[in-house]
Amino acid sequence: MDTSFGKIGVIGIRREDKSKWERRVVLTPSHIKRLMEQNPQLKFVVQPSKNRVFRDIEYQKVGATLSEDLSECSVILGVKEVPKEKLLPNRTYVFFSHVIKAQEFNMPMLDEILAKKIRLIDYEKITDSQNKRLVAFGKFAGNAGAIDFLHGIGKYFINLAYSTPFLNVSFTYSYPHLEKAKSVLKEVCEPISDEGIPEDFAPLIFGITGRGRCAEGVAEILDCLPVKYVDPDELPGLVADCKNPAHRSVIYVTYFESQHMVKPKDPSKSFDKKDYYSNPHLYEPCFHEKYLPYVSVLFHCMYWDPKFPTLITAEQIKTLAQENRLRLFGICDVTCDIEGSIQFLTEYTSIDKPFFLYDPITGEKSYDIGVPSNHILYQAVDHLPTELAYDASTHFADKLSPFIPKLAMSDITKPLEEQGLDPEIAKAVITWNGELTPSYKYIEELRRTREANKKRKGYSDKALIKKTKSFTTLKLAGHLFDTHGINEIFDKLEQSGMKFRVLELSIGQTLTETSSAFVQVFTNDEEKFHEALEAIYEIAEKHKIEVSE
């Protein structure tokens with residue numbers, strides 16, 4: 001095994017090998033040229049690639065070395081995860097690692113990173129003092145998702161014998177860059193202004209969830225069409241006036257935010273965003289009743305975590321369909337949370353096969369979208385920015401390049417606080433010298449808890465919740481681990497025959513900081529359910545743990 005540390009100042013650019021469609025790169029030739037001009041001590045080694053959006057010769061022309069061998073490099077940059085057998089020891093790797101939630105599928109890679117004493121830095125954790133991400137692919141997932149879905153709408157309508165301007169929209173990857181795609185959209189969708197919306201689908205209402213970068217990307221594309229922005233509370237009136245011929249010349253767009261998705265369980269209280277983020281278990285979904293019945297297409301862009309209520313469940317959308325209250329014919333799911341905020345998303349789609357049809361009544365899926373259907377057209381591609389590889393790479397490199405000089409010259413052999421990293425980079429260091437760094441020690445606890453849950457008799461997944469008579473989500477807060485209180489609670493749940501699942505775990509980093517956990521508890525025996533809850537409150541009181549439902 002190679003035990004060297006590589007040469008300080010030598011930076012490697014990996015060839016992406018997770019997907020044939022992954023054409024992005026984290027530093028473009030022009031960015032490398034600028035970095036070398038401003039920092040003559042830096043050297044760049046680029047692995048050859050036949051499908052990268054920038055050609056090998058472009059890197060050679062700016063002075064980068066083309067080589068399969070990256071062993072000279074002390075820092076190696078990439079986009080996607082690195083196969084564990086390709087990880088070089090004692091190096092710094094920077095990529096989207098997908099380990100910060102102890103994601104099970106990447107734990108073998110994390111183990112290899114620890115064993116090889118790699119300093120792992122994750123782009124997702126490079127943030128400012130307000131925890132805002134500084135290095136990301138920005139709005140391009142929303143851009144690409146929206147363009148692809150407009151293409152899908154064209155096919156959906158033509159299968160139902162409706163010719164629309166959407167039929168002339170191509171997949172995102174067929175355009176050389178974003179501006180070209182936008183100019184084509186403006187041209188081919190201009191006829192919408194002349195009653196281009198099928199009468200049977202008017203008013204055509206597009207909903208966007210969230211207000212983040214992805215939502216911004218979707219809106220940027222929709223703005224190329226004849227659109228009118230409306231408030232969510234205007235939707236019932238628009239649908240009630242469905243015969244109005246003016247609806248055929250415009251697409252209505254609305255944003256859905258937290259206050260449109262949930263309401264307090266206590267009817268005497270009003271929605272409070274800060275309270276909702278801190279205590280989501282005190283809120284219940286309302287989106288499916290109040291707004292979803294009026295939406296034609298949902299562009300789903302919001303961040304979601306298991307501690308928050310589900311946006312749309314399979315049962316909710318089934319009920320709407322059975323009651324003939326469902327206008328929804330499309331979901332462009334940019335967030336791609338498997339069995340998450342939209343419960344019936346159970347697998348990703350791909351750039352090769354981006355759509356499936358979902359029957360809201362039977363729950364069945366069909367991948368033959370070339371047949372007439374009134375089922376929901378669903379898209380869930382989890383690597384959309386690569387379809388705009390040129391724009392996404394350029395944007396990303398703009399954000400990353402200022403951090404490169406100090407990162408390249410940092411000394412991995414020194415203590416963390418003496419390595420000379422920018423503070424934004426330093427707090428994104430997940431592993432170093434064979435261990436998780438203090439801020440990420442919680443991954444060990446989260447991993448152990450999940451493994452323990454799997455071994456327990458009462459372990460279950462989300463699917464079982466639907467079959468239970470009683471369930472709740474408990475928020476536990478306090479010194480959960482040093483008092484062993486959380487272990488006693490889990491033991492009591494197991495002894496009671498309860499099923500439970502840890503949704504989120506936050507570990508206090510010091511002796512004075514407390515920990516918190518969201519635990520979902522459910523059973524078929526209502527009597528046992530209440531007995532177990534009483535026992536949990538007794539244990540919590542003994543260990544001074546706060547419990548709320």
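The values are calculated or read from the model by the stated rules, or taken from the named source; none is laboratory data. Just so it is clear, the model here is predicted, and its values are computed rather than measured. Ideal geometry is used to build each Cβ from the backbone, glycine not excepted, and the neighbour counts take in all protein chains shown.
Miscellaneous remarks
- Hits in region 255-303 - residues which are of a type in the set (S, T, Y), over 21 Å from the mean Cα position of the chain (by Cα) and closer than 23 Å to A314 by Cα: Y283, Y291, Y294, S296
- Yes/no for D272 being modelled with pLDDT of 90 or more, of a type in the set (D, E) and surrounded by 14 or more Cβ atoms within 10 Å (Cβ to Cβ): yes
- Residues of region 243-267 that are among the hydroxyl-bearing types (S, T, Y) and closer than 14 Å to T209 by Cα: T254, Y255, S258.
- Taking residues in region 375-400 that are more than 19 Å from D148 (Cα to Cα), and partners anywhere that are among the small types (G, A, S), the pairs with Cβ atoms closer than 9 Å and at least 6 places apart or on different chains are T394/S30; H395/A136; H395/G138; F396/A136; F396/G138; A397/S30; K399/A136; K399/G138.
- Counted residues, region 161-208 - those being under 17 Å from P245 (Cβ atoms) and in a helix (DSSP H, G or I): 6
- Some residue of region 280-290 being aliphatic (A, V, I, L, M) and modelled with pLDDT under 95: yes
- Of the residues making up region 226-239, one or more are acidic (D, E) and free of Cβ contacts under 8 Å to residues at least 12 places away in the same chain.
- Test: residue in region 263-274 that is in contact with a Phe, Trp or Tyr (Cβ under 9 Å, 6 or more places away or on another chain), within 30 Å of F140 (Cβ to Cβ) and in the same structural domain as K353 (by TED's automatic domain parsing): no
- Of all residues making up region 317-342, the number that are crowded, with 17+ Cβ neighbours inside 10 Å, within 24 Å of D200 (Cα to Cα) and among the polar types (S, T, N, Q): 0
- Reported count of residues in region 202-232, each being modelled with pLDDT under 95 and either under 19 Å from S163 (Cα atoms) or not assigned by TED's automatic domain parsing to the domain that holds S163 (or both), is 0.
- Subset of region 43-56 (residues that are crowded, with 19+ Cβ neighbours inside 10 Å, in a loop (DSSP other than H, G, I, E, B) and in contact with a Leu (Cβ under 8 Å, 6 or more places away or on another chain)): Q47
- Considering residues of region 100-131 that are free of Cβ contacts under 8 Å to residues at least 12 places away in the same chain and part of a loop (DSSP other than H, G, I, E, B) only, the residue farthest from F396 (Cα to Cα): Q103
Listed here are the residues, each with its yes/no results for (1) modelled with pLDDT of 95 or more; (2) surrounded by 14 or more Cβ atoms within 10 Å (Cβ to Cβ); (3) assigned to a loop (DSSP other than H, G, I, E, B).
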{"site": "M1", "(1), (2), (3)": "no, no, yes"}
{"site": "S4", "(1), (2), (3)": "no, no, yes"}
{"site": "G12", "(1), (2), (3)": "yes, yes, no"}
{"site": "L27", "(1), (2), (3)": "yes, yes, yes"}
{"site": "S30", "(1), (2), (3)": "yes, yes, no"}
{"site": "L35", "(1), (2), (3)": "yes, yes, no"}
{"site": "E58", "(1), (2), (3)": "yes, yes, no"}
{"site": "E68", "(1), (2), (3)": "yes, no, yes"}
{"site": "V79", "(1), (2), (3)": "yes, yes, yes"}
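- Selected residue [closer than 19 Å to D148 by Cβ and either without any contact (Cβ under 8 Å) to a residue 12 or more places away in the chain or surrounded by 17 or more Cβ atoms within 10 Å (Cβ to Cβ) (or both)] from F201, F206: F206
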